[in-house]
Number of protein chains: 2
Amino acid sequence: MQNEIIEKLIEQFRTLPGVGYKSAQRYAYSVLEGSISRAQNFANALLEAKQKIKFCKVCGNFTDGEVCSICQKRNRKVICVVKEPKDVISMEKVKDYDGVYHVLFGTISPLENRGPEDIHIKELLQRVNADGVQEVIMATNPDVEGDATAMYIARLLSPLGVKVTRLAQGVAMGSDLEYADEVTLSRALEERRELK
Amino acid sequence: MQNEIIEKLIEQFRTLPGVGYKSAQRYAYSVLEGSISRAQNFANALLEAKQKIKFCKVCGNFTDGEVCSICQKRNRKVICVVKEPKDVISMEKVKDYDGVYHVLFGTISPLENRGPEDIHIKELLQRVNADGVQEVIMATNPDVEGDATAMYIARLLSPLGVKVTRLAQGVAMGSDLEYADEVTLSRALEERRELK
């Protein structure tokens, strides 16, 4: 039973991923206890980001121009396909990847009524056709939907003669076998490679 | 190495308590992926809250008027003294408390160079003198600074003949009021003891 205006702010914080009521309240109070200029800066950053940041016309990644810096500078013959813009950041941690990206904005999910036409597969086909792409790396998440989407796209692309690969799946570096789940272990065993 | 505008938004989310870079990035991306009206609503809620919400002239709690609803309706003869506005919300979970509050806006902390004159102790003395207060319940956090502040205020108030009590140590030592559960808070209120 709090003030309505404070509740409204708490509700906004609750729309953020993984934020429950208690955290949202904590955030709201920290704003209320802070300075007016902090609240203004925060509000401006929200509006500026949402107004200026667009999706790259080529790959779908976030950019403040027409075409993102990755598409402008890098090797367009190799495309890494990811589910969401934030996955680009994750993949960019791999320093020696020099190719570009393609954001699908979702995966095929019959449960959520999302078919191939609801995500950016058509755009990927156009790029493959237009840019003489040599390899498409499927980097969707290693889960049921990510696997299915990767398989679906691989089949679409095979007639075009482009090489389609998938991120290797197995036990994660630095993890402990004891805590790996059965599916991961089974996949790691299946895809074992020879040590030379 | 991300876009500057996105970095600015991430930085804003990082100013929230307990939010690290990874969470801040997740929040920022969820805003970027959301609608423009959502970003606007969020920005408006921030600004409206910060502009309209003031500190109650009597107790220091958040309010959108001059005097908060608790000060207007409840028994002014009993004052519960807390460190921060958010502690009022925590104490309000104890349904049968009918008194009012006093927010100190901090505790005495030699380490952080905060003396008795830096928090709202003077205002508390004025209220005790003016309102014929019968009991002051010290509900500062059960940590070193909270205890020291409670002791200090108890000594100041004893010549005025007002009963000063302290929340019973049902609340765990070193913890924070914000995270105490209702039963613990209720027990602590029940077993409050007089400071001599």
### Whole-number percent relative contact order across segment A:1-124, with pairs defined as alpha carbons under 8 Å at least 6 apart
15 percent
### Message
Less than 11 Å Cβ to Cβ from residue A:103, Lys/Arg counted +1 and Asp/Glu -1: what total charge do the surrounding residues give?
### Response
-2
### Evaluated over segment B:1-106, the Cα radius of gyration and Dmax, each in Å
18.5, 58
### Task
Find the centroid of the Cα atoms in segment B:134-150 and in segment A:7-67, then give the distance between the two in whole Å.
36 Å
#### Entry: segment A:68-98: trypsin sites (Lys or Arg not before Pro) in DSSP loop, at most 16 other beta carbons within 10 Å
A:74, A:93, A:95
### Query
Quick one: if you stick a label point 7 Å off each Cα along the C-beta vector at residue B:22 and residue A:52, how many nm between them?
2.9 nm
### Task
Between copies, how far apart are the residue B:92 label points? List them in nm, one decimal, shortest first, with each point 7 Å from Cα toward Cβ, please?
4.3
### Query
Shape call for segment A:130-190 from the C-alpha gyration tensor, a ≥ b ≥ c root eigenvalues: rounded (a/c under 1.5), prolate (a/b greater than b/c) or oblate?
prolate
### Task
Could you check which residue among B:32, B:47, B:157 shows the biggest mean-square fluctuation in a GNM of chain B with a 10 Å Cα cutoff?
B:32
### DSSP-defined antiparallel bridges as percent of all bridges, the protein assembly as shown, nearest 5
25 percent
### Query
Anyone know which of B:55, B:105, B:13 comes out most mobile in the 10 Å Cα GNM of chain B?
B:13
### Query
Expressed as cubic angstrom per residue, what is the convex hull volume of the alpha carbon set of chain B?
159 Å³
### Summary
Quick calc of log₁₀ I(q)/I(0), the protein assembly as shown, Debye, one scatterer on every Cα, no solvent, q values 0.08, 0.11, 0.12 1/Å, result -0.61, -0.88, -0.96
### Query
Along Cα→Cβ at 7 Å, what distances in nm separate the residue A:176 label point from those on the other copies, shortest first?
2.9
### Entries in B:73/B:95; A:54/A:83; A:22/B:52; A:8/B:122; A:73/A:93 that, when Cα-Cα distance is taken, lie over 26 Å
A:8/B:122
### Selected from B:66, B:117, B:11 as most flexible by GNM, with chain B as the system and alpha-carbon contacts under 10 Å
B:11
### Query
How far is residue B:64 from the same spot in each other copy, in nm, shortest first, if each label point sits 7 Å from Cα toward Cβ?
3.4
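Any read-out appearing in this document is the output of simple, stated calculations on the displayed coordinates, not a laboratory observation. If you're wondering where the values come from, they're calculated on a predicted model, not measured in any experiment. Positions of Cβ are backbone-derived with ideal geometry, glycine not excepted, and every protein chain shown enters the neighbour counts.
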